[in-house]
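Asks: Quick one: structure below, then a few questions.
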Amino acid sequence: MATKTRKKDKNNIIIIVSVCIILAVVTIILIIGSTTPKSITRTLKKQTEANIKFDNKKINVYLFYGDGCPHCEELINFLDNLPEKYDEYFDLYTMEVWYNENNSKLMENLVGELGKEVEGVPCLIVGDQVFFGYSETIGKEIKNAIKEQYLLVDKYDVYKKYK
């Protein structure tokens, strides 16, 4: 009888230790997973025309925004939450226009080059498409425009045409 009790106690200890090890491993995986940063975070940077570069493998996306504009923040949050695969598709250039006259003029010129007039901020240019403001519907259109423009053999860049 004592042997059965010892064997049962031994089995219970093995089960308890196994459960503790599994819990420890799961905890470590959760901690490591939650602290791993995205490879690229898209943020509103105060860039200018001088920052624009070209990469034959990517498209350039131009975001003109106003410092403190809540709709601009919504748009950048949308862009920031795009899957990481989009980092292979485009480079984002963010230019503040309320306090930077040169950026404001560039926005007017690029939008004009596309045959449109500026309607406000945010103003996002993807290839030959211009998006003003932000909503979920516009977000879907932006995703489609980025994919479509990226897949083109002859990628259109309004800034190259403008210059």
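The values are calculated or read from the model by the stated rules, or taken from the named source; none is laboratory data. All values reported here derive from a predicted model rather than from experimental measurement. Glycine gets a Cβ as well: all are built from the backbone with ideal geometry, and neighbour counts include every protein chain shown.
Asks: Give me a count of the residues in the range 93-147 that are among the hydrophobic types (A, V, I, L, M, F, W, C), in a loop (DSSP other than H, G, I, E, B) and in contact with a Leu (Cβ under 6 Å, 6 or more places away or on another chain).
Replies: Within the range 93-147, residues that are among the hydrophobic types (A, V, I, L, M, F, W, C), in a loop (DSSP other than H, G, I, E, B) and in contact with a Leu (Cβ under 6 Å, 6 or more places away or on another chain) number 0.
Asks: Report, by residue number, each residue of the range 103-115 that is in contact with an Asp or Glu (Cβ under 7 Å, 6 or more places away or on another chain) and of a type in the set (S, T, N, Q).
Replies: Of everything in the range 103-115, just one residue is in contact with an Asp or Glu (Cβ under 7 Å, 6 or more places away or on another chain) and of a type in the set (S, T, N, Q), namely N103.
Asks: Next question, about the same structure. Could you list, in sequence order, the residues of the range 107-126 that are in contact with a helix residue (DSSP H, G or I) (Cβ under 8 Å, 6 or more places away or on another chain) and either among the charged types (D, E, K, R) or farther than 28 Å from G68 by Cβ (or both)?
Replies: Matches in the range 107-126: E113, E117.
Asks: I need the full set of residues from the range 139-159 which are surrounded by fewer than 17 Cβ atoms within 10 Å (Cβ to Cβ) and either among the β-branched types (V, I, T) or not assigned by TED's automatic domain parsing to the domain that holds Y93 (or both), in order please.
Replies: V153
Asks: To continue, here is another question. Listed residues N81, N102, N109; which is surrounded by 10 or more Cβ atoms within 10 Å (Cβ to Cβ), within 30 Å of L152 (Cα to Cα) and at pLDDT 95 or above?
Replies: N109
Asks: Which residue pairs have Cβ atoms closer than 9 Å, lie 6 or more positions apart in sequence or on different chains, and pair a first residue in the range 48-72 that is basic (K, R) with a second residue that is surrounded by fewer than 14 Cβ atoms within 10 Å (Cβ to Cβ)?
Replies: Pairs that qualify, where the first residue is basic (K, R) and the partner is surrounded by fewer than 14 Cβ atoms within 10 Å (Cβ to Cβ), are K57/E88; K58/E88.
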